[in-house]
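Notes to accompany the following structure.
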Amino acid sequence: MGPALDQVAALLAILASFSFALAATLWQRATMGSDIFGGSPRAFAKLLTNKVWLVGLGAQMVGVVLQAAALDRGRVAIIQPLLVTAVIWAMPLGYFLTNQTITRRHILGAAIVVAGLAIFASFGDPAGGLDDAPGSAWLSAFVVLGTTCICLLLFGRRGDLSARATVYGAIAGILYGVSATLMKPVVENLHTDGAASVLEGWEFWVMAIGGLGGFYIQQISLATGKLVTSVATVSVVNPVVSVMLGVLVLEERLDQPPAWHVVLAVVGLALALLGAVVIASVSEGAREVEAPADQPVAPPRPQTA
């Protein structure tokens with residue numbers, strides 16, 4: 001994989017992250033005040049007639065296509081972390097489209113994310129790796145991640161709105177991470193054997209189920225009204241899960257010489273994730289309006305004189 005190809009893959013990943021952030025912002029604007037926060041399938045069905053929500057769906061689909069194109073050109077361990085930039089795009093989009101509050105801590109977190117990703121992109125150079133892995137390896141990973149999702153769901157309604165946005169965002173991030181990692185073998189299979197073979201393989205269907213499941217849970221997270229917290233959590237958990245699966249299942253390694261490149265790449269990735277955690281942990285104080293778990297949350301409105 002040559003440097004020019006790396007740059008194309010990185011650009012596609014960043015464009016995908018913008019599309020995902022735009023989709024999340026539009027979805028939040030559409031879901032606020034709806035019963036989707038309580039997990040109501042009927043409320044979710046109503047969103048299918050909401051024009052703003054449908055535009056967000058279009059943005060999400062564009063993001064998935066760009067992400068698939070990036071994964072086709074690069075390794076999971078280098079492409080997925082770049083999606084953390086979605087949290088940076090979400091801040092100005094949320095400020096202008098859904099009246100989100102942007103604090104100094106948000107800006108500090110964004111600066112840490114940019115610095116960390118710059119280091120990671122400069123020194124991260126994954127070597128080796130498989131296009132697919134045995135079913136037993138995938139199954140072991142799915143059992144662990146599925147158990148984690150169930151445990152999180154059991155605690156999903158506890159805590160304040162920011163905590164619930166974080167929990168549901170984490171579940172969505174896990175499911176998106178699984179879906180994104182499986183996208184790699186699906187795209188490779190499409191190139192080598194064609195669409196018919198892809199539809200016959202279990203990878204495509206598990207990828208679809210993971211993506212749709214993450215999509216549904218993300219709607220619940222966004223309906224809390226905590227856009228930046230929700231997007232930041234998804235943006236952290238998604239690449240963490242993807243990188244873990246890339247290393248443990250697809251056997252990708254950051255072992256290109258010299259060794260200090262690997263150290264800097266890991267430090268850079270850790271910084272980027274730390275920055276997203278800083279953003280996700282911001283308390284919005286007076287802007288936060290508590291509501292019962294089964295009640296819709298009204299969106300914040302700008303004050304008028």
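Structure above, values below:
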item: Long-range neighbours under 7 Å by Cβ, at least six apart or interchain, first residue hydroxyl-bearing (S, T, Y) within the range 151-172, second in a helix (DSSP H, G or I); result: S162/T229; T166/T229; T166/T233; T166/A280; Y168/I217; Y168/I220; Y168/S221
item: Identity of the residue in the range 44-87, of a type in the set (V, I, T) and in contact (Cβ under 8 Å) with a residue 60 or more places away in the chain, that ends up surrounded by the most Cβ atoms within 10 Å (Cβ to Cβ); result: V87
item: Residue list for the range 5-30, filter: β-branched (V, I, T) and within 19 Å of L97 (Cβ to Cβ); result: T25
item: Selected residue (only one of A265, A223 is under 23 Å from G169 (Cβ atoms), at pLDDT 80 or above and of a type outside the set (D, E, K, R)); result: A223
item: Number of positions in the range 153-183 that are surrounded by fewer than 18 Cβ atoms within 10 Å (Cβ to Cβ) and either hydrophobic (A, V, I, L, M, F, W, C) or in a helix (DSSP H, G or I) (or both); result: 4
item: Selection status of I107, surrounded by fewer than 17 Cβ atoms within 10 Å (Cβ to Cβ), among the β-branched types (V, I, T) and modelled with pLDDT of 85 or more; result: yes
item: Restricting the range 184-227 to residues that are of a type in the set (V, I, T) and farther than 30 Å from I102 by Cα, the residue that is surrounded by the fewest Cβ atoms within 10 Å (Cβ to Cβ); result: T192
item: Hits in the range 228-253 - residues which are surrounded by 24 or more Cβ atoms within 10 Å (Cβ to Cβ), modelled with pLDDT under 85 and more than 19 Å from L145 (Cα to Cα); result: V228, T229, A232
item: Residue within the range 227-250 that is in contact with a helix residue (DSSP H, G or I) (Cβ under 7 Å, 6 or more places away or on another chain) and either on the phi > 0 side of the Ramachandran plot or assigned to a loop (DSSP other than H, G, I, E, B) (or both) present; result: yes
item: Residues satisfying the stated conditions in the range 143-152, i.e. surrounded by 14 or more Cβ atoms within 10 Å (Cβ to Cβ) and closer than 12 Å to G213 by Cβ; result: L145, C149
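The values are calculated or read from the model by the stated rules, or taken from the named source; none is laboratory data. In this text, all values refer to a predicted model and were calculated from it rather than measured experimentally. Note: ideal-geometry Cβ built from the backbone for every residue, glycine included; neighbour counts use all protein chains shown.
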